[in-house]
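Computed from the coordinates by the stated procedures, all read-outs in this text should not be read as laboratory data. Small disclaimer: the values here were computed from a predicted structure and weren't measured. With ideal geometry, Cβ positions are generated from the backbone for all residues, glycine too; neighbour counts draw on all protein chains shown.
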Amino acid sequence: MLFPRAGSAGELWPPVVPQFKTLTETLYNDRKCFEQGSAGCRHGLLAYWISSGGAAESGTRIRVFDTTLRDGDQMPGIELDLEEKLYIARLLDELHVDIIEAGFPASSRIDFETVRRIKREASYARVAGLARTSPRDIDAAAEAEADIIHVFIATSDIHMKYKLRMSREEVIEAAVRAVERARGYGAEVLFSAEDATRSDPEFLAAVYRAVADAGARYINIPDTVGTATPWKMEWLVSFIRKALPEWVRIDVHCHNDFGLAVANSLAGVRGGADGVQVTVNGFGERGGNAALEEVVAALHFLMGRRTGVRLGMLTRVSKEVARVFGVQLPPNKPVTGLNAFAHEAGIHVHGVLSNPATYEPMPPEAVGNRRRIVLGRHSGRAAVAHALEAMGFQPSKDLVSYILEKLKEHAPRLKKVDEDTLQRWVEEYYTSRMRSIGAEMGA
Ligand code: KIV
Ligand code: ZN
């Protein structure tokens, strides 16, 4: 059995344990081929990575909660319609995230419908709907038939004083009432203490204990304003972990205001979190959220932790979601960007061509991306020979030298040296060779 039994109700967590074929299997096959020294290994994709000491798998499987359609949709200037939301939700289901937060049902008809439709359609993921502690919000999430009602209320002094105008006692009471109401619908309840990382830790623990007593078996620790550091996040999660019964599942939800959302999510896992809340491409308000593809890749490749996510789909999903959001991804976007596995500098290309692990932190194919050898002013002989061979030319010493000269002269102006340009230079080279041979013969 992959997952521990949850305490009180004796149910399995998560209730559905689907069969998933992930990197684990590929790694295993690779390791076998690699150890047997099989040169023609069909699974050779990862052999070089194993040889360079990739992280060994350990620990329980980390649950992935995607909130692209709720927190991601709060990105300024983004207005997704129902069809766009359904399209993204289907992609996420196919990607095998564990939970899709499909919307905030009380906030709009579109969100309500997305939750309702996806709940009926999803074949892998469970569906969550967000709700404040008001009965109206909880009833809307229940009416939309969300598998998980995600109740939240703020717990930091600044939010309680200036936004909610509520005392600590009132906040605890509202949280408990809301959880009880949601439980009354028979739904799983996830409780988030908004601005948790800026809350008094003792009070925060008291809030979580109260909602757990009221029936929330699943809580979330949000870094709402992105002000946590990795060491603070690790400490806070382990502090809350110790304050709660062992059967309470914990997620972390990190915002990216200081560019730390991915690091903070990983630190939360180190501190004992069972799940991460993420959005595709880190889309979200202000600096955004933790990027799904970066967190998942780092969990697998740096921490040796499994998720159910189909890694090979990451690049396609990242590109599709960017297209639907109408946002251009930067070329240097880690994991799924155009340049994530692109090499131009001579030393790098030489290294990568003899062993990809020299300059690639994970196999591009494993995350659905690909290696690009880019020709430019910084290219060396290996890159040019590789490009010529790929186009079917014999990379003689002279031809390579000729192309290198051309690159140094023209690449800064051309910006992009494509196959057509290379082809033209090769033709120029042969024409000038023919001319000089002709001249020699005529002399
Ligand atoms: O950032 C946040 O605090 C949230 C909560 C609603 C979970 O998005
Ligand atoms: Zn958030």
| message | Quick check on the exposure proxy: order His378, His410, His255, His96 from fewest to most C-beta atoms within 10 angstrom. | response | His410, His378, His96, His255
| Taking neighbour counts of Cβ atoms within 10 Å as a proxy for exposure, in what order, fewest first, do Lys416, Lys333 appear? | Lys416, Lys333
| said: Taking the 0 to 90 degree range and rounding to the nearest ten, how far is the long axis of helix 397-414 tilted relative to the main principal axis of the chain, both from C-alpha atoms? | reply: 50
| query | Mind listing the phi-derived Karplus ³J(HN,Hα) values for the range 431-436, rounded to whole Hz, using 6.51, -1.76 and 1.60 with θ = phi - 60°, and x for any glycine or proline? | reply | 4, 5, 5, 4, 4, 5
| request: State which entries of Lys85/Lys232; Lys119/Lys232; Lys85/Lys333 exceed 31 angstrom in Cα-Cα distance in the structure shown. | output: Lys85/Lys232; Lys119/Lys232
| said: Counting only helical runs of four or more DSSP H residues, what would the 222 nm mean residue ellipticity of the chain come to if each run contributes -39,500 (n - 2.57) and the total is spread over all its residues? | reply: -13500 deg cm²/dmol
| request: Averaging sequence separations of C-alpha pairs under 8 Å and six or more residues apart, then dividing by the length of the range 178-223, give the relative contact order as a whole percent. | output: 53
| Counting only residues 5 or more places away or on other chains, whose amide H sits under 5 Å from the amide H of Arg249 once H atoms are built in the peptide plane? | Tyr218, Ile219
| message | Taking loop as defined by DSSP and a crowding limit of 16 other beta carbons within 10 Å, which trypsin sites (Lys or Arg not before Pro) in the range 133-215 fit? | response | Arg165
| task | For Thr133, enumerate residues with amide H under 5 Å from its amide H, sequence gap 5+ or separate chain, H modeled in the peptide plane. | result | Phe152
| query | Which whole-Hz couplings ³J(HN,Hα) result when phi for each residue of the range 80-85 is put into the Karplus expression 6.51 cos²θ - 1.76 cosθ + 1.60, θ = phi - 60°, listed in order with x for Gly and Pro? | reply | 8, 8, 4, 4, 5, 5
| task | List, in order, the whole-Hz ³J(HN,Hα) value for each residue of the range 265-282 obtained from phi through the Karplus relation with A = 6.51, B = -1.76, C = 1.60 and θ = phi - 60°; use x for Gly and Pro. | result | 5, 5, 5, x, 5, 4, x, x, 5, 8, x, 10, 9, 9, 10, 5, 6, x
| query | Can you list the lysines whose alpha carbon sits under 17 Å from that of Lys406, skipping same-chain ones fewer than 8 residues off? | reply | Lys397, Lys415, Lys416
| note | The relative contact order of the range 123-235, taking Cα pairs under 8 Å that sit 6 or more residues apart, comes to a percentage of 25
| Among Met166, Val179, Gly72, whose Cα sits farthest toward the positive end of the charge dipole of the range 56-325 (+1 at Cβ of Lys/Arg, -1 at Cβ of Asp/Glu, about the Cα centre)? | Val179
| task | Sticking with the crude label model, points 7 Å out along Cα→Cβ, report the distance from Glu143 to Arg372 in nm, one decimal please. | result | 4.8
| query | For the chain, which longest stretch is free of loop sites, where a loop site is one of the GluC sites (Glu not before Pro) that DSSP puts outside H, G, I, E and B and that has at most 13 other Cβ atoms within 10 Å? | reply | 247-443
| Neighbour-count order for Ile373, Ile118, Ile78, fewest beta carbons within 10 angstrom listed first | Ile78, Ile373, Ile118
| message | Under 8 Å for C-alpha pairs, at least 6 residues apart: give me the relative contact order for the chain, rounded to a whole percent. | response | 14
